[in-house]
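Some notes on the structure that comes next.
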Amino acid sequence: MQIDTAYFQDLLNDKIVSTDFLTQGQIGPVYTLQTSMHKYLLKTSEPTSRLYTEAKMLSDINKYEIRVPTLFDVSEQHLLMEFIEESRVPRCTQEVEAAKVLSRLHSITNESRMYGYYYDTTIGPFGQINEQTQYNWALFLGQMRIMPMVRICYEKGVISKEMTDRLDGLCRDLYKRIDISAITPSLLHGDLWSGNILFNIKDTVLIDPAIYFGDREMELAFILLFDTFGDTFFEYYTRVHSLSKDFEDVKVPLYQIYPLLVHAALYGSSYVGALEQRLKALKV
């Protein structure tokens, strides 16, 4: 993609010294812009509303005084934000600071006690449908999260009709597996793996959110899925939010299904074996 350096120089009122390709994002290339004074991150894509959605999600998290990159400009084709310089932080310190940030995030709920969000959000290149009238967590998880991703995976040929039917049956009976009366909607980052939480000596910074209100243990199951954090994180997190009695046996395998489906849709059938393991653990 051709970067309009003149546009960004005018916007920032600073000379751009260099533009460098950083990585291929899920919706387009990502670059760094170096000016005479600062370094910026520039996400790009074909014309889409997704970058506006990402900017809005970051702004919403920041309303609660949780650190995200400072935003400078957004359009259908770019999102310009602060470049977060990471520094060497001991693993133990990372886990403690992450526990502090996530326990604060998960303490945020909404007045109407609804699940989902006020607008449709995204996870990677996929949309996340959010109904503002959804008050049943089991119904929301099945119909707004798991089954839409099941259909995407099936249409891509990643999962079989047999697995699709098993997942459909699981979602129909979710209310039998989860005590929804014990759950309060919590604001979730939604895509919390090690690449989406950055550390330096001053801050813990959340990036690339996929926010919605859900069971906070959904986030914890995702953290366990990719070993993002370990015992120290859980020791400090549970000082604020205790774990439910069925967290390990029921919620972990159940709540890992959605992120595994997302990864299967993105990266293919290598994640299907892990999906099968979770279904067997749940006796589906």
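The values are calculated or read from the model by the stated rules, or taken from the named source; none is laboratory data. This is a predicted model, so every value here is computed, not measured. Every residue, glycine among them, receives a Cβ derived from its backbone with ideal geometry; neighbour counts consider all protein chains shown. We work out accessible area using only protein heavy atoms, side chains counted, and drop any ligands, DNA or RNA first. Shrake-Rupley method; radii C 1.70, N 1.55, O 1.52, S 1.80 Å.
Going through GLN134, GLN77, GLN128 one at a time, which residue ends up being over 19 Å from the mean Cα position of the chain (by Cα) and within 30 Å of LYS176 (Cα to Cα)?
Values: GLN77 fails: within 30 Å of LYS176 (Cα to Cα); GLN128 fails: over 19 Å from the mean Cα position of the chain (by Cα).
So the residue among GLN134, GLN77, GLN128 that is over 19 Å from the mean Cα position of the chain (by Cα) and within 30 Å of LYS176 (Cα to Cα) is GLN134.
Scanning segment 105-149 for residues being outside any helix (DSSP H, G or I) and under 21 Å from TYR64 (Cβ atoms) gives a total of 21. One residue stands out in segment 171-191 among those that are out of contact with any Gly (no Cβ under 6 Å at 6 or more places or on another chain) and over 30 Å from ALA98 (Cβ atoms): the one that is surrounded by the fewest Cβ atoms within 10 Å (Cβ to Cβ), namely LYS176.
Cβ separations smaller than 8 Å between residues 6+ apart or across chains give the following pairs from segment 1-21 residues that are part of a helix (DSSP H, G or I) to residues that are open to solvent by 50 Å² or more (accessible area, probe 1.4 Å): THR5/THR19; GLN9/LYS15; LEU11/PHE72; LEU12/HIS38; LEU12/PHE72. Could you check, for segment 251-267, whether at least one of its residues is more than 14 Å from LEU188 (Cβ to Cβ), of a type in the set (Phe, Trp, Tyr), in contact with a helix residue (DSSP H, G or I) (Cβ under 6 Å, 6 or more places away or on another chain) and in a helix (DSSP H, G or I)? The answer is no; no qualifying residue exists. Is it fair to say TYR115 is open to solvent by 20 Å² or more (accessible area, probe 1.4 Å) and hydroxyl-bearing (Ser, Thr, Tyr)? The answer is no for TYR115.
Has segment 42-54 got any residue that is within 19 Å of TYR7 (Cα to Cα), modelled with pLDDT of 95 or more, open to solvent by 10 Å² or more (accessible area, probe 1.4 Å) and among the basic types (Lys, Arg)? Yes, segment 42-54 contains at least one residue that is within 19 Å of TYR7 (Cα to Cα), modelled with pLDDT of 95 or more, open to solvent by 10 Å² or more (accessible area, probe 1.4 Å) and among the basic types (Lys, Arg). A single entry from ILE61, ILE123, ILE66 fulfils the requirement of being in contact with an Asp or Glu (Cβ under 7 Å, 6 or more places away or on another chain), crowded, with 17+ Cβ neighbours inside 10 Å and under 22 Å from TYR212 (Cα atoms): ILE123.
Counting the residues of segment 79-112 that are open to solvent by less than 20 Å² (accessible area, probe 1.4 Å) and either without any contact (Cβ under 8 Å) to a residue 40 or more places away in the chain or charged (D, E, K, R) (or both) gives 2.
Among residues of segment 234-257 being surrounded by fewer than 21 Cβ atoms within 10 Å (Cβ to Cβ) and aromatic (Phe, Trp, Tyr), the one that is nearest to ARG177 (Cα to Cα) is PHE247. Scanning segment 34-74 for residues that are in contact with a Pro (Cβ under 9 Å, 6 or more places away or on another chain), farther than 16 Å from VAL205 by Cβ and assigned to a loop (DSSP other than H, G, I, E, B) gives a single hit, SER45. Strands (runs of 3 or more DSSP E) fully within segment 173-250 that include at least 3 residues being at pLDDT 95 or above, in the same structural domain as SER112 (by the TED database) and touching a Ser or Thr at 6+ places or on another chain (Cβ under 8 Å): 197-199, 212-214.
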